[in-house]
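So the structure is just underneath, and the comments pick up after that.
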Amino acid sequence: MERELALEIVRATEAAALASSKWIGRGQKNEADDAATSAMREVLGTVNMDATVVIGEGELDEAPMLYIGEKLGTTFGPKVDIAVDPLEGTSIVAKGLGDAMVVIAVADEGALLHAPDMYMDKLVVGPNLKGKVSLDEPLESIIEKAAKYNNKRIEEVTVIMQDRDRHEHLRQAVMNVGARVKLFEDGDVSAGIAAAVKTNPIDIFISTGGAPEGVITAAAVKALGGDMQARLHPMNEEESARVISMGIVDPLQLLTLDDLVKSDDCIFAATGVTSGELLDGVKFLTDDIVETTSLVMRSKTRTIRKVVAEHHLSLKPYLQKTEVNRLT
């Protein structure tokens with residue numbers, strides 16, 4: 001892929017973050033998501049690429065914008081697959097909480113796993129543990145290895161997981177060995193990425209969450225040099241059949257990072273909407289000037305850029321289409 005594509009993609013995450021930021025703390029998650037989706041789609045349509053959405057807002061009959069299979073870009077450019085979450089943390093934005101962000105992953109055509117909308121078991125670790133742990137081994141063993149290779153005591157190892165009843169056995173396993181648990185409510189892409197950042201105090205991400213979000217996380221993990229394993233978690237025969245129809249003969253196959261993202265050249269971009277572990281949220285500096293903070297990473301070069309930008313809202317035509325006009 002052309003290196004210029006990375007900065008073009010971050011324009012789209014910035015646009016979505018700006019549009020959705022108007023809905024922070026207003027209790028209307030669908031409106032926030034719609035605003036982000038509309039702005040992202042408009043900007044992606046101007047990028048020189050021939051792109052297909054492989055992970056989006058749903059099927060054509062379920063989502064009017066950024067649906068799976070939709071074509072984006074000017075068609076004058078590389079053929080790529082795109083995975084998007086126009087607003088990761090719609091409920092977070094509605095409640096005015098932290099860690100909401102906009103994310104996009106881009107890779108060569110055919111490189112991203114076309115993950116169905118179902119649960120996925122996920123494990124993410126940083127570069128020091130790459131190739132040294134497995135989703136199939138006990139969590140206690142993974143924690144011991146994290147202590148060894150991250151040069152920590154067991155009690156200093158931090159495991160992050162979503163605060164859900166289905167993870168209670170994992171939480172107990174962490175506490176039984178004396179390590180630390182960090183829980184989060186929503187937004188497992190940011191939590192997964194945090195575990196892959198070498199300088200972050202979080203050592204292990206383990207959770208059962210959305211499969212589409214798992215593929216987006218994998219693109220970031222690959223760019224960060226970390227490691228990830230996953231397993232689709234079908235809940236019924238219909239979901240198992242859907243996995244098999246994707247070409248995965250065993251629905252419970254252990255998926256490696258290279259299964260999730262087959263190319264060594266992928267791009268991940270994210271822009272913060274509300275402040276959190278990885279990114280600052282949108283900051284309104286004046287009535288017209290707004291600041292955004294983004295991360296854009298490319299796995300081929302392992303380049304990680306932090307982009308802080310000022311935007312004049314009155315000069316952003318796509319934002320005029322997403323004005324907050326239904327406030328009560």
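Mean-square fluctuations from a GNM of the chain, with a 10 angstrom spring cutoff on Cα atoms, peak among Ile92, Ile267, Ile248 at Ile248. Could you name the lysines in cross-link range of Lys148, using Cα to Cα under 19 Å and dropping any fewer than eight places away on the same chain? Answer for Lys148, where 19 Å is the Cα cut-off: Lys130, Lys132, Lys198, listed by chain and number. The residues of the chain present an accessible area of 43 Å² per residue when probed at 1.4 Å with all protein chains retained. Normalised by residue number, the volume inside the convex hull of the Cα atoms of the stretch 122-174 is 80 Å³ per residue. When Rg and the Kirkwood Rh are both derived from Cα coordinates, the Rg/Rh ratio for the stretch 1-156 amounts to 1.06.
Working note: Cα gyration tensor of the stretch 36-106, eigenvalues times five, square-rooted, sorted largest first, giving semi-axes of 23, 13, 10 Å. Using a simple spin-label model with pseudo-atoms 7 Å out from Cα toward Cβ, Ala309 and Asp163 lie 3.3 nm apart.
Shown for the stretch 1-112: the carbon plus sulfur share of the solvent-accessible area, taken with all protein chains present and a 1.4 angstrom probe, equals 46%. Of the residues Asp34, Asp259, ranked by 1.4 Å probe accessible area with the largest first, the sequence reads Asp34, Asp259. The longest stretch of the chain left intact once loop-based GluC sites (Glu not before Pro) with at most 16 other Cβ atoms within 10 Å are removed from consideration, loops following DSSP, is 186-322.
Accessible area per residue was computed with a 1.4 Å probe on protein heavy atoms; Phe76 scores about 150 Å².
Pairs of Cα atoms nearer than 8 Å and 6+ residues apart set the relative contact order; for the chain it is 20 percent. Out of every Cα-Cα pair that the chain contains, those further apart than 35 angstrom amount to 18 percent. Of the solvent-accessible surface of the stretch 171-328, computed with a 1.4 Å probe and all protein chains present, 50% belongs to carbon and sulfur.
Expressed as a rounded percentage, what relative contact order does the stretch 122-241 have, with Cα pairs under 8 Å and six or more residues apart? Taking the mean separation of contacting Cα pairs over the length of the stretch 122-241, I get 38 percent.
Straightening the chain between Glu155 and Ser245 buys 28.0 nm, computed as 0.36 nm per residue apart minus the Cα-Cα spacing.
The values are calculated or read from the model by the stated rules, or taken from the named source; none is laboratory data. These figures come from a predicted structure and were not determined experimentally. No Cβ is skipped: glycine too gets one built from the backbone with ideal geometry, and neighbour counts run over all protein chains shown. When the accessible area is computed, the model is the full protein with side chains, heavy atoms only, and any ligands, DNA or RNA have been set aside. Shrake-Rupley method; radii C 1.70, N 1.55, O 1.52, S 1.80 Å.
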